[in-house]
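Undergrad: Before I ask anything, here is the structure I am working with.
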4 protein chains.
Amino acid sequence: MALPAEFHELAKRLNNWGRWGEADEIGTLNLITDDVVRAAVATVASGRRVPLAVPLQHDGIQTGVIPGRVNPLHTMVAVNMEMFGPGTVATSDDVVTMGLQAGTHWDGLAHVSHSGKLYNGRPADSITAHGRAAFHGVEKAGHIVSRGVLLDVARARGVSRLDGDHAVSPEDLEAAAELAGVTVRPGDIVLVRTGQIQRYLAGDKQAYAYPSPGLSIRTPEWFHTRDVAAVANDTLTFEIFPPEIEDLWMPVHALHLVEMGMPQGQNWNLEGLSEACAEARRYAFLLAAMPEPFVGGTGTPVAPVAIL
Amino acid sequence: MALPAEFHELAKRLNNWGRWGEADEIGTLNLITDDVVRAAVATVASGRRVPLAVPLQHDGIQTGVIPGRVNPLHTMVAVNMEMFGPGTVATSDDVVTMGLQAGTHWDGLAHVSHSGKLYNGRPADSITAHGRAAFHGVEKAGHIVSRGVLLDVARARGVSRLDGDHAVSPEDLEAAAELAGVTVRPGDIVLVRTGQIQRYLAGDKQAYAYPSPGLSIRTPEWFHTRDVAAVANDTLTFEIFPPEIEDLWMPVHALHLVEMGMPQGQNWNLEGLSEACAEARRYAFLLAAMPEPFVGGTGTPVAPVAIL
Amino acid sequence: MALPAEFHELAKRLNNWGRWGEADEIGTLNLITDDVVRAAVATVASGRRVPLAVPLQHDGIQTGVIPGRVNPLHTMVAVNMEMFGPGTVATSDDVVTMGLQAGTHWDGLAHVSHSGKLYNGRPADSITAHGRAAFHGVEKAGHIVSRGVLLDVARARGVSRLDGDHAVSPEDLEAAAELAGVTVRPGDIVLVRTGQIQRYLAGDKQAYAYPSPGLSIRTPEWFHTRDVAAVANDTLTFEIFPPEIEDLWMPVHALHLVEMGMPQGQNWNLEGLSEACAEARRYAFLLAAMPEPFVGGTGTPVAPVAIL
Amino acid sequence: MALPAEFHELAKRLNNWGRWGEADEIGTLNLITDDVVRAAVATVASGRRVPLAVPLQHDGIQTGVIPGRVNPLHTMVAVNMEMFGPGTVATSDDVVTMGLQAGTHWDGLAHVSHSGKLYNGRPADSITAHGRAAFHGVEKAGHIVSRGVLLDVARARGVSRLDGDHAVSPEDLEAAAELAGVTVRPGDIVLVRTGQIQRYLAGDKQAYAYPSPGLSIRTPEWFHTRDVAAVANDTLTFEIFPPEIEDLWMPVHALHLVEMGMPQGQNWNLEGLSEACAEARRYAFLLAAMPEPFVGGTGTPVAPVAIL
């Protein structure tokens, strides 16, 4: 089963391979220049900080459907251990086993391949069990700080959350940008709010996972045209799921990660940010969302913070 | 073996229990107000970003001396898996097992107890194997963004790195602050550079671990007086190791974490920042160093970034 | 809430503390002498072997109800890795993260304490997060090979499996021993079949876990009188669950592990053995059920085999 | 770099593909018939049991040289947890993360491939990160019980352990069989003692790992001729390491696992067994060495026991 022609046509239009050199491993993160960061810093008005990560815990987001993507198993290896003798200062220490994409995370560029290729034409088989991602590992991303823009699609449509079969369209993004009073610019990180994470926060993981509103196959071009650096939202699947086109699974993943070389974020809790932006009547802010530098990682947990 | 009287006298002078209420679980992070953040943002001049985390990998910092604090074991659970059939978009996915304090990390307030107590008088036995840290878990910290100040003690003393038996003194901090041209203020996060991490970067983990320069027992009072929000440095042990006073192990940990309720960071790579600050002739910057929100965690990996 | 008087009276009657010396850490396994093993070997007639373990896999028995007792997460760390260059012999290698008691397992003597004590009067707090079980770790058991006796209670009662509220009584054991034509002897390992594991094998983990038939609080005395070395069955909870006496949870665990010092096995698949014994009209056999020697382990996976 | 012609000639002579049918996944374990087991049982004279596994602990055999093959990290997830309220029966529970081949183990047939093939001609790429071993997983082996024969090469040569550069030859095996007074028969499991594990037991892991005595490339034919079911020894590398023929790495692994379909065991502690056999003047015994049934596992920890 090959990918359909309409996918390949779209792919050709959005392709960034070679744009930042043959050796490039960070794709659209190249768009975040010092100038962009200075402008991002200039958006800060109140100093208010809004964290966007969900808690990391064993009773987390994953339901077992995605093979091996396990919720955090967090265990103590020492509890008040008096390492230097009775009555001395005591330490507690812990370890975790978890899927790197179990909670609030970035997809790295090596997370997805299609037609045997990764971003920038690297062969998919450069990923191996013992070597992990030889190219585009999340440790290469280095640091992700830029201007964040909240496109609150749910609010723009006057609902608390989008229906499970709602594909977020370019028109939705336009309407949300208008609500925000913001023009999306090169290097921006766009946060698209669907409200879907309310289902998880209410304790219904299954309903959160599926069916899920998410980005339409028509949105990557919108992001590409605006030279966005990264996109994140508040869903498990990121894109509309099940997909818009029968048997064309995960086209948005493939377009963003493989063709454009653009990282994407999932399971971001945008509820508090939605309130904060609405209160402040400002939807642009400084966003810090640092990847943990797992060497060869195809994804990474992230604890993003918006600074308004 | 009880802790000596001199420790208890010092502890009494630095104690912050009750200062932010009986229910407080974040200690000196309370000092980071919106005003502090706005002032921190105002330090940004160039938009240059310097990441401060060491790569997370199996051949990491830990040598096995600290029980259970294992370097990251990062394995693939899917490599180009075509979940929806042959020829479809393929995904790769990974998991990790690691000590939360294996690499660049924050010590949470529950990491250390003494005399049966945690910060704010909570009983040490509120930490259990199955419940982890009931109080002061790292998920409570929420977000750590403030003004960062580099006190480059090695540079101020004209050496590339301090000797293994050098206890960083208040006088060292003063000299470094003078070099920096910065007055440490309430809510600041102070980064103390010893240069010791050069040993790890050069491949000698044992020499990095021990003996190690680090903070003197005399420095917590210096930080307390200035109402610093957090302190991090570029060593494994944080404080001088072996300790200055025979049989008084980890007094700085106990003073910071238990008495003051102040998080501390270890294994931060401050080499690039040292160069950047020296070039820019500015030692204050915006620092984002977000804890991963492990529920009940006594520590957390962190990928800090300085924005100059 | 203290344990009721009736529990303590029973406990006193069954207590084996000191019986094999103050330093003893293996309890009733002392009853397996060379003579017992020779007699066990003498039961073998056909040489047929019946394995009793359930497969170890991520979609395993655990449902998440028992905190931290995770099903095996089994991942590859190498897939056809040509370590010595292209075209050379290739290796594949794997790792696992799992609860030691996730699948077919032995409870070690340190798995349970009551009233602050472990078997043989050892203090419960000798178990710590960093030291694990200082006494009675499963590595002490060494080897478990003896005569196995199948008491097929379901078959003796003429049902394929017992109801969820059926407490297996001494009378049930007698009836099954009569069906088997076997007199239980000192050093025997008794396998009690309820048929409950059929629920797991049929894919219904929840029904398997709860409610569950299992041993009555009246059976430990039956085992004690006969000087049985160990008991295993085909349930998750081992004993009737919910319990027979309101608010007296896990009394059989406490009597076996703490008072008698007798290991117990759970999640053993006795379906094939039931068929084999019925066919052969013999219910005694050589049983090998070796603990994996985890130092300080409170339990261990086991892959038992009956040799008929 | 292709494998040399001499390897391929040898491979052809030893090849068992198709011998037990095209669908076979257990190779030489087919040779363990009920008759073989009855004969094995008949060797038991004293009932003495000798365990052959090394303890499973974090300070275990692995040195980090084999990527991802980590020593057991064994942590408590509950310590005297009173799940049903204060004063009730308390439980302790533990989890482990470990390489399946970290300690005393069996190599499964899927552990090694060469020239793109596994045993019985299965394609090497049937092993994947998400599916593990689709063919020949260790869970297929089911149960390994047979006659064990100790070939105590070190003792036969009059040394406590063989030198690091000693390749165990067919002549060594003959001499040891003569010392043992045993004729190796079809279905036997041969344990070859080099004494090398003394180095590990003495605390020198590096010396244990390398250089190591082990089986010569000339021995697989010896085992093949005698229709041995499995072979295990007391080394990390199993075969002489570094190898006898320059640039021909792991030929014995490839011949045993891929060509013959014969499982092999490593890191077996044969020191106690050597003493026991010498005392009893008998070198044949009943051996139970059950694989843990990891679905798709390429290897498995094992806790073997010899019953003399």
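The values are calculated or read from the model by the stated rules, or taken from the named source; none is laboratory data. This structure is a prediction, so every number in the text was calculated from the model and none was measured. Counting neighbours? That spans all protein chains shown, and the Cβs are built from the backbone with ideal geometry, glycine included. We work out accessible area using only protein heavy atoms, side chains counted, and drop any ligands, DNA or RNA first. Shrake-Rupley method; radii C 1.70, N 1.55, O 1.52, S 1.80 Å.
Undergrad: For B:LEU236, state whether it is open to solvent by 10 Å² or more (accessible area, probe 1.4 Å), under 28 Å from A:ALA288 (Cβ atoms) and touching a strand residue (DSSP E or B) at 6+ places or on another chain (Cβ under 9 Å). Explain how you work it out, then say what you get.
TA: On the way: open to solvent by 10 Å² or more (accessible area, probe 1.4 Å): yes; under 28 Å from A:ALA288 (Cβ atoms): yes; touching a strand residue (DSSP E or B) at 6+ places or on another chain (Cβ under 9 Å): yes.
Against the criterion (open to solvent by 10 Å² or more (accessible area, probe 1.4 Å), under 28 Å from A:ALA288 (Cβ atoms) and touching a strand residue (DSSP E or B) at 6+ places or on another chain (Cβ under 9 Å)), B:LEU236 qualifies.
Undergrad: Of all the residues that make up region C:47-58, how many are in contact (Cβ under 8 Å) with a residue 60 or more places away in the chain and either touching a His at 6+ places or on another chain (Cβ under 6 Å) or open to solvent by 40 Å² or more (accessible area, probe 1.4 Å) (or both)? Explain how you work it out, then say what you get.
TA: Of region C:47-58, the ones in contact (Cβ under 8 Å) with a residue 60 or more places away in the chain are C:47-54, C:56.
From the residues that got through so far, the ones that are either touching a His at 6+ places or on another chain (Cβ under 6 Å) or open to solvent by 40 Å² or more (accessible area, probe 1.4 Å) (or both) too are C:48-49, C:51.
So the answer is 3.
Undergrad: A follow-up question, please. One residue is enough: does region B:81-92 have a residue meeting the conditions within 7 Å of chain A (Cβ to nearest Cβ) and under 22 Å from the mean Cα position of the chain (by Cα)?
TA: Residues of region B:81-92 within 7 Å of chain A (Cβ to nearest Cβ): B:84-92.
Narrowing further to those that are under 22 Å from the mean Cα position of the chain (by Cα): none.
Within region B:81-92, not a single residue is within 7 Å of chain A (Cβ to nearest Cβ) and under 22 Å from the mean Cα position of the chain (by Cα).
Undergrad: Considering C:PHE285, C:PHE294, which residue is modelled with pLDDT of 95 or more, touching an Asp or Glu at 6+ places or on another chain (Cβ under 8 Å), farther than 16 Å from C:LEU118 by Cβ and not polar (S, T, N, Q)?
TA: Values: C:PHE285 fails: touching an Asp or Glu at 6+ places or on another chain (Cβ under 8 Å).
Being modelled with pLDDT of 95 or more, touching an Asp or Glu at 6+ places or on another chain (Cβ under 8 Å), farther than 16 Å from C:LEU118 by Cβ and not polar (S, T, N, Q) holds for just one of C:PHE285, C:PHE294, which is C:PHE294.
Undergrad: Continuing with the same structure: Given the conditions (1) part of a loop (DSSP other than H, G, I, E, B); (2) closer than 19 Å to D:ALA78 by Cβ; (3) facing chain D (nearest Cβ under 8 Å), which single one is not true for C:VAL65?
TA: Going through (1) part of a loop (DSSP other than H, G, I, E, B); (2) closer than 19 Å to D:ALA78 by Cβ; (3) facing chain D (nearest Cβ under 8 Å) one by one, C:VAL65 breaks only (3).
Undergrad: Considering region B:181-195 alone, what residues qualify as being within 26 Å of B:GLY261 (Cβ to Cβ) and open to solvent by less than 10 Å² (accessible area, probe 1.4 Å)? Please lay out each step first, then the result.
TA: Our first condition is that a residue be within 26 Å of B:GLY261 (Cβ to Cβ); within region B:181-195, this holds for B:182-194.
Hits for region B:181-195 are B:GLY187, B:ASP188, B:ILE189, B:VAL190, B:LEU191, B:VAL192, B:THR194.
Undergrad: Quick one: D:GLY116 ticks every box in (1) surrounded by fewer than 18 Cβ atoms within 10 Å (Cβ to Cβ); (2) at negative phi except a single one, so which number is it?
TA: (2)
Undergrad: Would you be able to say whether some residue in region B:280-290 is open to solvent by 10 Å² or more (accessible area, probe 1.4 Å) and at positive phi? Steps first, answer last, please.
TA: Taking region B:280-290 first, the residues open to solvent by 10 Å² or more (accessible area, probe 1.4 Å) are B:280-284, B:290.
Still in the running and at positive phi: B:281.
Looking through region B:280-290, at least one residue is open to solvent by 10 Å² or more (accessible area, probe 1.4 Å) and at positive phi.
Undergrad: Looking only at region B:200-226, filter to residues that are crowded, with 20+ Cβ neighbours inside 10 Å and within 19 Å of B:VAL54 (Cβ to Cβ); which one of those is farthest from the other protein chains (Cβ to nearest Cβ)?
TA: Ranking the qualifying residues of region B:200-226, first place goes to B:PRO213.
Undergrad: Somewhere in region C:161-182, is a residue under 16 Å from C:GLN264 (Cβ atoms) and over 19 Å from the mean Cα position of the chain (by Cα)?
TA: No, there is no match, as no residue in region C:161-182 is under 16 Å from C:GLN264 (Cβ atoms) and over 19 Å from the mean Cα position of the chain (by Cα).
Undergrad: Looking at C:ILE32, C:ILE61, C:ILE26, which one is crowded, with 16+ Cβ neighbours inside 10 Å and within 26 Å of C:LEU248 (Cβ to Cβ)? Step through it out loud before you land on a result.
TA: Values: C:ILE32 fails: within 26 Å of C:LEU248 (Cβ to Cβ); C:ILE26 fails: within 26 Å of C:LEU248 (Cβ to Cβ).
Sole residue among the options that is crowded, with 16+ Cβ neighbours inside 10 Å and within 26 Å of C:LEU248 (Cβ to Cβ): C:ILE61.
Undergrad: Related question: Somewhere in region D:127-134, is a residue facing chain C (nearest Cβ under 9 Å), open to solvent by 10 Å² or more (accessible area, probe 1.4 Å), β-branched (Val, Ile, Thr) and within 30 Å of C:PHE135 (Cβ to Cβ)?
TA: Checked region D:127-134: no residue is facing chain C (nearest Cβ under 9 Å), open to solvent by 10 Å² or more (accessible area, probe 1.4 Å), β-branched (Val, Ile, Thr) and within 30 Å of C:PHE135 (Cβ to Cβ).
Undergrad: Report yes if D:THR91 is free of Cβ contacts under 8 Å to residues at least 40 places away in the same chain and buried (at least 22 other Cβ atoms within 10 Å of the Cβ), otherwise no. Steps first, please.
TA: Values: free of Cβ contacts under 8 Å to residues at least 40 places away in the same chain: yes; buried (at least 22 other Cβ atoms within 10 Å of the Cβ): yes.
When the stated conditions are applied, D:THR91 passes them.
Undergrad: Oh, and also: Give the number of residues within region A:240-255 that are buried (at least 24 other Cβ atoms within 10 Å of the Cβ) and away from chain B (no Cβ under 11 Å).
TA: Summing the residues that are buried (at least 24 other Cβ atoms within 10 Å of the Cβ) and away from chain B (no Cβ under 11 Å) in region A:240-255 gives 1.
Undergrad: Residue pairs, Cβ under 9 Å, 6 or more apart or interchain, first in region A:1-24 and more than 13 Å from A:HIS114 (Cα to Cα), second among the acidic types (Asp, Glu) and open to solvent by 30 Å² or more (accessible area, probe 1.4 Å). List them.
TA: A:LEU10/A:GLU221; A:ARG13/A:GLU221; A:LEU14/A:GLU221
Undergrad: While we're on this one: How many of the residues in region D:7-54 are within 12 Å of chain C (Cβ to nearest Cβ) and in a loop (DSSP other than H, G, I, E, B)? Can you show your working first?
TA: Taking region D:7-54 first, the residues within 12 Å of chain C (Cβ to nearest Cβ) are D:7, D:11, D:29, D:32-54.
Going one step further and asking which of them are in a loop (DSSP other than H, G, I, E, B), we end up with D:32-33, D:42-48, D:52-54.
Selection size over region D:7-54: 12.
Undergrad: Just to be sure, is B:PRO86 open to solvent by 30 Å² or more (accessible area, probe 1.4 Å) and touching a Gly at 6+ places or on another chain (Cβ under 7 Å)? Break it down into steps so the answer makes sense when it comes.
TA: Details: open to solvent by 30 Å² or more (accessible area, probe 1.4 Å): yes; touching a Gly at 6+ places or on another chain (Cβ under 7 Å): no.
So B:PRO86 fails the test.
Undergrad: Now a separate question. Criterion first (closer than 29 Å to C:ARG19 by Cα, open to solvent by less than 10 Å² (accessible area, probe 1.4 Å), touching a Ser or Thr at 6+ places or on another chain (Cβ under 6 Å) and at pLDDT 95 or above) does C:ALA229 satisfy it?
TA: Details: closer than 29 Å to C:ARG19 by Cα: yes; open to solvent by less than 10 Å² (accessible area, probe 1.4 Å): yes; touching a Ser or Thr at 6+ places or on another chain (Cβ under 6 Å): yes; at pLDDT 95 or above: yes.
For C:ALA229, the condition - closer than 29 Å to C:ARG19 by Cα, open to solvent by less than 10 Å² (accessible area, probe 1.4 Å), touching a Ser or Thr at 6+ places or on another chain (Cβ under 6 Å) and at pLDDT 95 or above - is met.
Undergrad: Take D:VAL70 and tell me if it is surrounded by fewer than 24 Cβ atoms within 10 Å (Cβ to Cβ), aliphatic (A, V, I, L, M), out of contact with any Lys or Arg (no Cβ under 8 Å at 6 or more places or on another chain) and facing chain C (nearest Cβ under 7 Å).
TA: Numbers: surrounded by fewer than 24 Cβ atoms within 10 Å (Cβ to Cβ): yes; aliphatic (A, V, I, L, M): yes; out of contact with any Lys or Arg (no Cβ under 8 Å at 6 or more places or on another chain): yes; facing chain C (nearest Cβ under 7 Å): yes.
Taking the combined requirement at face value, the residue satisfies it.
Undergrad: Moving on. Residue under question is B:VAL70, and the condition is that it be of a type in the set (A, V, I, L, M), under 21 Å from B:ASP234 (Cα atoms), more than 17 Å from the chain's Cα centre (by Cα) and assigned to a loop (DSSP other than H, G, I, E, B); does it hold?
TA: Numbers: of a type in the set (A, V, I, L, M): yes; under 21 Å from B:ASP234 (Cα atoms): yes; more than 17 Å from the chain's Cα centre (by Cα): yes; assigned to a loop (DSSP other than H, G, I, E, B): yes.
Yes.
Undergrad: Another question about this same structure. Considering each residue of region A:291-308, count those that are within 11 Å of the chain's Cα centre (by Cα) and either under 20 Å from A:ALA42 (Cα atoms) or surrounded by fewer than 24 Cβ atoms within 10 Å (Cβ to Cβ) (or both), and give that number.
TA: Number of matching residues: 1.
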